[in-house]
1. Determine the pairs where a residue that is within 30 Å of residue 47 (Cα to Cα) and β-branched (Val, Ile, Thr), located within region 1-29, has a partner that is part of a helix (DSSP H, G or I) and modelled with pLDDT of 50 or more with Cβ atoms under 6 Å apart, the partner being 6 or more residues away or on another chain.
2. Take residue 164 and decide whether it is surrounded by 12 or more Cβ atoms within 10 Å (Cβ to Cβ), of a type in the set (A, V, I, L, M) and at pLDDT below 90.
3. Take the residues of region 33-51 that are acidic (Asp, Glu) and part of a helix (DSSP H, G or I): which is farthest from residue 165 (Cα to Cα)?
4. Filter region 137-160 down to residues that are over 15 Å from the mean Cα position of the chain (by Cα) and not in a strand (DSSP E or B), then give me how many there are.
Amino acid sequence: MTVTLTRVSTSAHSHTRSITFVAEALVRGVIKIAQEYGVCEKNWADRLELLLRGPRTWLLMDQLKSVIVEIFCGDKLVNKYEFPIAVNAPSHDKESFQDHFDKIMEQVRREAAKVKATHYRFLCDCKPGRVEVPGWSSAYFADDSHLKKRTIHDSVVRTNSVRVEATIYTQRDPGNGYVG
């Protein structure tokens, strides 16, 4: 019986490390995206714990569905990056922590060069009944129906128990189809 308890404890500890790694990778990714658009606050490091608190809490409680970055020019949503999250049962395999945000950063740079962004929003899409987290409040997503959607079918962040992919929403060219 002691072996079983030790194994569960090790698995739970591994899962908690995975959650912390994923939350930190997502927040770093959001900051990188905002920096590419030139809209990241200078004092983001002072707010790092606040930025981490929501995603980390909701991931630990299996309430986080995705992390979203909305990029605006004035009141208009010009680009959107969504990171859907899939949480699996903790694995007993060797731990693995992978951050591959570099897979989408070239596209982020191309899209950022096309627009003059004025600000961004960092949002978390949670399951109904989510717990309240100090510093985070409810919000509505901006209408993205005018944007082109492209899913990246490869992980931008991955651990043994959590996988994060990317969906990129870019501007349509009003003249002849899509830009990007």
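1. Between residues of region 1-29 that are within 30 Å of residue 47 (Cα to Cα) and β-branched (Val, Ile, Thr) and residues that are part of a helix (DSSP H, G or I) and modelled with pLDDT of 50 or more, the close pairs are 19/59; 19/60; 27/51; 27/52.
2. Answer is no for this residue.
3. Of everything passing the filter in region 33-51, 46 is farthest from residue 165 (Cα to Cα).
4. Final tally of qualifying residues: 10.
Each row is one residue, and each column tells you yes or no for (1) of a type outside the set (Asp, Glu); (2) farther than 19 Å from residue 77 by Cα; (3) surrounded by 16 or more Cβ atoms within 10 Å (Cβ to Cβ).
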residue	(1), (2), (3)
101	yes, yes, yes
107	yes, no, yes
119	yes, no, no
129	yes, yes, no
140	yes, no, no
150	yes, no, no
153	yes, yes, no
169	yes, no, yes
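Residues checked against (1) more than 18 Å from residue 168 (Cβ to Cβ); (2) basic (Lys, Arg); (3) modelled with pLDDT under 95; (4) surrounded by fewer than 23 Cβ atoms within 10 Å (Cβ to Cβ):
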| residue | (1), (2), (3), (4) |
| --- | --- |
| 20 | yes, no, yes, yes |
| 24 | yes, no, yes, yes |
| 31 | no, no, yes, yes |
| 35 | no, no, yes, yes |
| 45 | yes, no, yes, yes |
| 59 | yes, no, yes, no |
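The values are calculated or read from the model by the stated rules, or taken from the named source; none is laboratory data. Everything numeric here is computed off the predicted structure, so don't read it as measured data. In this analysis, Cβ positions are derived from the backbone assuming ideal geometry, glycine residues included, and neighbour counts consider all displayed protein chains.
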